[in-house]
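To start, the structure itself, in structure tokens.
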There are 2 protein chains.
Amino acid sequence: MKRTKVPTATVGRLSIYGRLLIQMEEEGVEVASSAQLAARCGLNPAQIRKDLAYFGAFGIRGVGYRVNELKDRLKDVLGVTRVWKVALVGAGNLGSALAAYRGFLAHGFEIDAVFDKYPNRCVLSAKKTVEVFGLKELKRVVSQRGIKIGVVAVPQEGAQSVVDQLVDAGIQGILNFAPIRPDVPEHVRVKNVDLGSELESLTFYLSKPVKG
Amino acid sequence: MKRTKVPTATVGRLSIYGRLLIQMEEEGVEVASSAQLAARCGLNPAQIRKDLAYFGAFGIRGVGYRVNELKDRLKDVLGVTRVWKVALVGAGNLGSALAAYRGFLAHGFEIDAVFDKYPNRCVLSAKKTVEVFGLKELKRVVSQRGIKIGVVAVPQEGAQSVVDQLVDAGIQGILNFAPIRPDVPEHVRVKNVDLGSELESLTFYLSKPVKG
DNA sequence: TTTTGTGAAGACATTCACAGCG
DNA sequence: CGCTGTGAATGTCTTCACAAAA
């Protein structure tokens with residue numbers, strides 16, 4: 001077991017491992033070697049062993065890892081043994097889709113409150129139709145409900161202000177879809193997902209002449 | 001000017017620079033130093049200079065970069081001087097949202113065809129209501145229309161098969177929202193966006209004790 | 001002077017290769 | 001034996017620091 005800091009690259013892979021293990025468990029696989037895991041997610045076996053070793057998840061030498069055991073250990077490490085309440089800001093096209101997206105629920109996240117500049121729209125969440133609050137109520141609702149995770153799906157212009165309000169309301173982690181890198185205090189974790197940029201970086205490679 | 005390979009990390013930042021420059025241009029800024037650019041996107045000035053230097057985008061020593069000129073140069077490098085047609089596969093919650101998402105259009109991407117296992121749903125794209133084709137027609141439509149970019153928004157189970165079909169139809173770049181790392185031939189570029197994983201890696205940090 | 005462009009240094013991440021345990 | 005866990009080697013990305021140019 002290590003006490004060193006876990007690299008962010010490792011953290012990013014943990015949930016891939018988690019999902020793979022769930023899948024293997026469903027297939028009835030009981031034990032898996034790093035080589036088998038690696039083959040199924042396109043990574044290097046040594047990398048998987050190293051990643052897992054950060055958490056003292058002991059495999060069995062000569063055998064591999066117990067799928068069920070490792071899966072539970074990872075869930076625990078990732079903090080997904082509980083359901084996390086999420087505040088979604090922005091009920092436009094993207095926001096509404098995210099509310100309806102069932103992948104979040106599958107991962108243990110539940111959209112608990114939705115906010116928009118124009119709150120008189122309603123939004124269909126994965127579980128039910130959800131009332132949309134105005135932005136003025138953001139701080140009150142988020143802090144009252146103890147929501148710790150925010151998802152920002154508003155246009156560029158409003159994004160930094162929304163992030164500020166979320167931080168002010170006690171949010172600790174933000175998944176940001178607006179095309180900015182918001183300023184946040186050190187204790188707040190931000191993950192940026194910029195759909196436009198992702199496509200643009202694809203075209204960089206496409207517009208190049210065919211390799212040869 | 002360099003002839004070395006451009007690091008993927010650099011490519012990922014180009015569109016951030018592009019957007020920043022568009023914004024500065026709108027504000028009437030004519031020249032910007034790497035320090036100013038860096039301040040506005042939260043990066044290191046040296047990194048920006050190095051990134052830009054890969055493309056021989058000469059700044060002016062003692063002055064900075066001409067905003068307008070640099071913006072055009074980057075557009076060119078990224079290949080976003082034209083509109084790219086995109087094939088969207090999966091017209092469920094996420095897919096419908098992506099079709100309606102106006103950010104794509106703003107970046108020069110247009111959803112030109114939508115495919116789904118159950119094609120009798122219709123989908124509202126950013127520009128118009130779009131007919132949804134069945135998966136059987138994917139190859140025909142994509143190759144006939146010369147579409148080179150595919151967006152995959154189907155559940156895990158169907159994802160690899162959809163990717164295979166896209167590749168077979170001549171797609172060269174894929175933006176994949178399914179929680180797998182699809183196998184593709186070397187000439188096809190894939191960008192994975194895994195919304196569940198993004199949230200999970202946030203909780204890793206949240207579930208830790210408050211630093212101190 | 002000011003700011004670029006870039007080698008060199010440093011930080012970080014991945015892969016190799018093998019000792020050691022089951 | 002086979003496979004994990006890990007130091008050492010390699011590779012990649014970021015930052016420093018400064019000579020050269022406008």
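Values in this text are rule-based calculations from the coordinates and carry no lab data. Remember, predicted model here, so these are calculated numbers, not experimental data. All Cβ positions, even for glycine, are placed from backbone atoms using ideal geometry, and neighbour counts span all protein chains on display.
Quick notes
- Summed residue charge, Cβ within 10 Å of residue B:19's Cβ, Lys/Arg positive, Asp/Glu negative: -1
- GNM flexibility winner over chain B from B:92, B:64, B:134 (Cα, springs under 10 Å): B:64
- All Cα pairs of region B:84-198, percent lying beyond 19 Å: 38 percent
- For the protein assembly as shown, the ratio of Cα radius of gyration to the globular rule of thumb 2.2 N^0.38 Å stands at 1.01.
- Region A:84-198 - charge dipole about Cα centre, Lys and Arg +1 at Cβ, Asp and Glu -1, debye rounded to 20: 400 debye
- Based on the Stokes-Einstein relation at 25 °C and a viscosity of 0.890 mPa s, and on the Kirkwood radius from alpha carbon pairs, region B:8-78 is assigned a translational diffusion coefficient of 207 µm²/s.
- Euclidean distance between Cα centres, region B:9-64 to region B:135-212, Å: 30 Å
- Relative contact order for chain A, counting Cα pairs under 8 Å that sit 6 or more residues apart, in percent: 14 percent
- On full extension, the segment bounded by residue B:58 and residue B:26 gains 9.3 nm, given 0.36 nm per residue less the C-alpha separation.
- Cβ-based charge dipole, the protein assembly as shown, positive-most Cα from A:197, A:52, B:70: A:52
- The alpha-carbon positions of chain A define a convex hull whose volume is 168 Å³ per residue.
- Helix-derived mean residue ellipticity, 222 nm - over chain A, DSSP H n ≥ 4, -39500 (n - 2.57), to 500: -13000 deg cm²/dmol
- Total charge dipole magnitude, the protein assembly as shown, about the Cα centre, Cβ charges on Lys, Arg, Asp, Glu only, Debye to nearest 20: 840 debye
- Rough spin-label spacing in nm, given labels placed 7 Å along Cα→Cβ, for residue B:131 and residue A:157: 3.7 nm
- Among the listed pairs A:148/A:191; A:75/B:191; B:50/B:71; B:148/B:191; B:75/B:139; B:50/B:75, a Cα-Cα separation exceeding 20 Å is found for A:75/B:191; B:75/B:139.
- What you get for chain B, charging only the Cβ of Lys and Arg (+1) and of Asp and Glu (-1), is a dipole of about 520 debye around the Cα centre.
- When both bridge partners sit in chain A, DSSP labels roughly 20% of those beta bridges antiparallel.
- Volume of the convex hull of region B:140-212 (Cα atoms only), normalised per residue: 100 Å³.
- Beta bridges assigned by DSSP with both partners in the protein assembly as shown are antiparallel in approximately 20 percent of cases.
- Chain B residue with Cβ closest to the axis mapping B onto A, distance in whole Å: B:97, 1
- Spin-label model, residue A:69 to residue A:145: label points 7 Å out along the Cα-to-beta-carbon direction sit 4.0 nm apart.
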